[in-house]
Amino acid sequence: MSTAFCFVFFSFTLLFSLFSLLIFVLRLKLWCTCKICQAYLTSSWTKDFDNLCDWYTHLLKNSATGTIHIHVLGNIITANPANVEHMLKTRFENYPKGKPFSILLGDLLGRGIFNVDGDSWKFQRKMASLELGGVSVRTHAFDIVGSEIQSRLLPLLSSVAGKEQVLDLQDVFRRFSFDNICQFSFGLDPGCLELSLPVSDLAEAFDLASKFSAQRALASSSLIWKVKRLLNLGTEKQLKEAIKVVDEFAEEMIKQRREEGFSDRYDLLSRFMGTINDDKYLRDIVVSFLLAGRDTVASGLTSFFWLLSQHPEVESAIREEVERVMGSSEQFASFNQMREMHYLHAALYESLRLFPPVQFDSKFAQEDDILPDDTFVRKGTRVTYHPYAMGRMERIWGPDCLHYKPERWLQNGRYVPENLYKFPAFQAGKRVCLGKEIALVEMKCVVLAVVRRFNIRVPHSNQAPRFAAGLTATLRGGLPILVQER
């Protein structure tokens, strides 16, 4: 029996491998021979570019319309603000997330808000808008961030200050944001940023689940990862094991909260439990917020401090503004004080322009359509807008688009917003990020606390960032820094 099973198993695996190879060869030789598709399939673009996003930026810059078509992926990619507005506002109903996207992240996010369309999305959007817009919830989030900064982030940086001890700032910010989002979402403190920098099984499982879910999109055919999942092989096996850890944690938290009561708590799980009785649905909703609140904030802070290390004049200007608004006070900045810090706000937005945590976002056309730049979109086509490339387009931001220049967001010393379809770092239209204000306050709190007390230096800040494949922009090898007390 065992021998027969092994024979069938390996025969199937061999046939599947040959089938996958056949698909690849057919795509390579017969389906499309244009230069872009050939460069993608052979990875020849890696000779000139460290990151896929930089290659896409190069192609989009050289396109007369700011739009390209990668035929082998069935993907139209655009950096044209008019197209972005068309997708996210004018023809919003024609550009949902789509079933292909939902399948990719379905095992991790289930029916969570970032993985659904239609009535399910509208229901979660309405609930999340009510909860995240409340003063009590925002104050709760502010208190969590303040406590994490004072009790963990600052002591950790102090412990290595002046010791020539290299610290991975990206890892620090990922730990910091994971502690915060777990407390905000579940009311649980995983303690990832304690001085010993402990290993968290939940954080590791979540990282692996995000990584392997994103890798599904890189396969030359969806059949590859689907069969691997069916046979429980390779990364799909690891993904299943990682999701099991996340599921067990969520199930335990929901069970515990039902036993202890949730009416007087402010975490998202408790707030949603008052309306939703389906535990699986609750798990999907909260895990989605866990994903959004952890990786995006950590990515945004990492890029910001990398830019700050290259631009000491920006760091000095932030400190001068803080001194002007807060004086010599060592107290935590209040909401009102942060509203007066226009230069800090501009510096963060300029960082997000160049290094958006989510470098691209895709939709799938429900029906045939024509974009404003006259690009024809066939039904079922994946259409991707690319914030990373948009931040590097001269036709959008001018000849100094590659320069880190917070002043571009200021008029007479005051912050002036740009069109969101020109700057879709937080998306735009009906799907604009609901957690935007909370995320910005969290980032401002960290920046203010760190720059007032420390000098952060990146030993090799002149090296261009190299990104790892994932749902959000993550630096390969982290961000090694040296810390000095001011």
What is the number of the single condition among (1) farther than 30 Å from Gly74 by Cβ; (2) in contact (Cβ under 8 Å) with a residue 24 or more places away in the chain; (3) surrounded by fewer than 20 Cβ atoms within 10 Å (Cβ to Cβ) that Leu208 does not meet? (1)
Residue pairs qualifying under the 6 Å Cβ cut-off, at least six apart or on distinct chains, with the first in the stretch 279-291 being within 21 Å of Pro357 (Cα to Cα) and the second being crowded, with 23+ Cβ neighbours inside 10 Å and of a type in the set (Val, Ile, Thr), are Leu290/Ile181
Any residue at all in the stretch 124-132 that's open to solvent by less than 60 Å² (accessible area, probe 1.4 Å) and acidic (Asp, Glu)? yes
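Table: residues versus (1) over 21 Å from the mean Cα position of the chain (by Cα); (2) modelled with pLDDT of 95 or more; (3) among the charged types (D, E, K, R).
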| residue | (1), (2), (3) |
| --- | --- |
| Leu448 | yes, yes, no |
| Phe454 | yes, yes, no |
| Asn462 | yes, no, no |
| Ala473 | no, no, no |
Members of the stretch 60-72 found to be crowded, with 20+ Cβ neighbours inside 10 Å and assigned to a helix (DSSP H, G or I), listed by number: Leu60
What is the residue count in the stretch 163-216 for residues that are in a helix (DSSP H, G or I) and touching a strand residue (DSSP E or B) at 6+ places or on another chain (Cβ under 6 Å)? 2
Would you check if there is a residue in the stretch 179-194 being aliphatic (A, V, I, L, M) and more than 24 Å from Leu268 (Cβ to Cβ)? no
Kindly provide the set of residues from the stretch 40-59 that are hydroxyl-bearing (Ser, Thr, Tyr) and surrounded by 14 or more Cβ atoms within 10 Å (Cβ to Cβ), ordered by number. Tyr40, Tyr56, Thr57
Residue list for the stretch 75-93, restricted to those being open to solvent by 10 Å² or more (accessible area, probe 1.4 Å) and either among the aromatic types (Phe, Trp, Tyr) or closer than 27 Å to Asp119 by Cβ (or both): Glu85, His86, Lys89, Thr90, Arg91, Phe92, Glu93
Got a sec? Which of Cys6, Cys37 is open to solvent by 30 Å² or more (accessible area, probe 1.4 Å) and either part of a helix (DSSP H, G or I) or modelled with pLDDT under 85 (or both)? Cys6
Might you check whether a residue that is more than 27 Å from Leu167 (Cβ to Cβ), out of contact with any Lys or Arg (no Cβ under 7 Å at 6 or more places or on another chain) and in a loop (DSSP other than H, G, I, E, B) occurs anywhere in the stretch 300-321? no
Residue among Asp374, Asp400 that alone is assigned to a loop (DSSP other than H, G, I, E, B), without any contact (Cβ under 8 Å) to a residue 24 or more places away in the chain and open to solvent by 20 Å² or more (accessible area, probe 1.4 Å): Asp400
I'd like the residue in the stretch 305-320 that is in contact with a Phe, Trp or Tyr (Cβ under 9 Å, 6 or more places away or on another chain) and open to solvent by 10 Å² or more (accessible area, probe 1.4 Å) and, out of all such residues, is nearest to His386 (Cα to Cα). Trp306
Restricting attention to the stretch 178-196, report how many residues are surrounded by 23 or more Cβ atoms within 10 Å (Cβ to Cβ) and in contact with a Cys (Cβ under 8 Å, 6 or more places away or on another chain). 2
Name the pairs whose Cβ atoms lie under 8 Å apart, with the first residue in the stretch 457-486 and within 24 Å of Asp361 (Cα to Cα), the second among the small types (Gly, Ala, Ser) and in a loop (DSSP other than H, G, I, E, B), and 6 or more positions between them or separate chains? Arg466/Gly477; Phe467/Ala473
Residue that is buried (at least 19 other Cβ atoms within 10 Å of the Cβ), free of Cβ contacts under 8 Å to residues at least 24 places away in the same chain and β-branched (Val, Ile, Thr), where the choices are Val145, Val135, Val199, Val116: Val116
Does Leu153 satisfy being buried (at least 20 other Cβ atoms within 10 Å of the Cβ) and more than 23 Å from Asp284 (Cβ to Cβ)? yes
Could you give every pair whose Cβ atoms fall below 8 Å, whose first residue belongs to the stretch 322-344 and is over 22 Å from Lys405 (Cβ atoms), and whose second residue is among the aromatic types (Phe, Trp, Tyr) and surrounded by 12 or more Cβ atoms within 10 Å (Cβ to Cβ), counting only separations of at least 6 or pairs across chains? Phe335/Phe142
Please work out which residue is nearest to Glu204 (Cα to Cα), limiting yourself to the stretch 330-351 and to residues that are assigned to a loop (DSSP other than H, G, I, E, B) and open to solvent by less than 40 Å² (accessible area, probe 1.4 Å). Ala333
Among the residues of the stretch 225-247, which ones are free of Cβ contacts under 8 Å to residues at least 60 places away in the same chain, open to solvent by less than 80 Å² (accessible area, probe 1.4 Å) and assigned to a helix (DSSP H, G or I)? Trp225, Lys226, Lys228, Gly234, Thr235, Glu236, Ala242, Val245, Asp247
Would you call Ala439 more than 24 Å from Val160 (Cα to Cα) and crowded, with 18+ Cβ neighbours inside 10 Å? yes
When Leu482 is evaluated against the numbered criteria (1) within 29 Å of Val322 (Cα to Cα); (2) within 18 Å of the chain's Cα centre (by Cα); (3) open to solvent by 20 Å² or more (accessible area, probe 1.4 Å), which criterion, by number, is the only one it fails? (2)
Which one of the conditions (1) closer than 29 Å to Gly112 by Cβ; (2) in contact with an Asp or Glu (Cβ under 9 Å, 6 or more places away or on another chain) does Met443 fail to meet, given that it meets all the rest? (2)
Tally the residues that are open to solvent by 10 Å² or more (accessible area, probe 1.4 Å), in contact (Cβ under 8 Å) with a residue 12 or more places away in the chain and part of a helix (DSSP H, G or I), restricting the search to the stretch 256-278. 2
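The values are calculated or read from the model by the stated rules, or taken from the named source; none is laboratory data. What you see is a predicted model, and the numbers here were worked out from it, not measured in a lab. Note: ideal-geometry Cβ built from the backbone for every residue, glycine included; neighbour counts use all protein chains shown. Just so you know, the surface numbers come from the protein's heavy atoms only, side chains and all, with ligands and any DNA or RNA stripped out. Shrake-Rupley method; radii C 1.70, N 1.55, O 1.52, S 1.80 Å.
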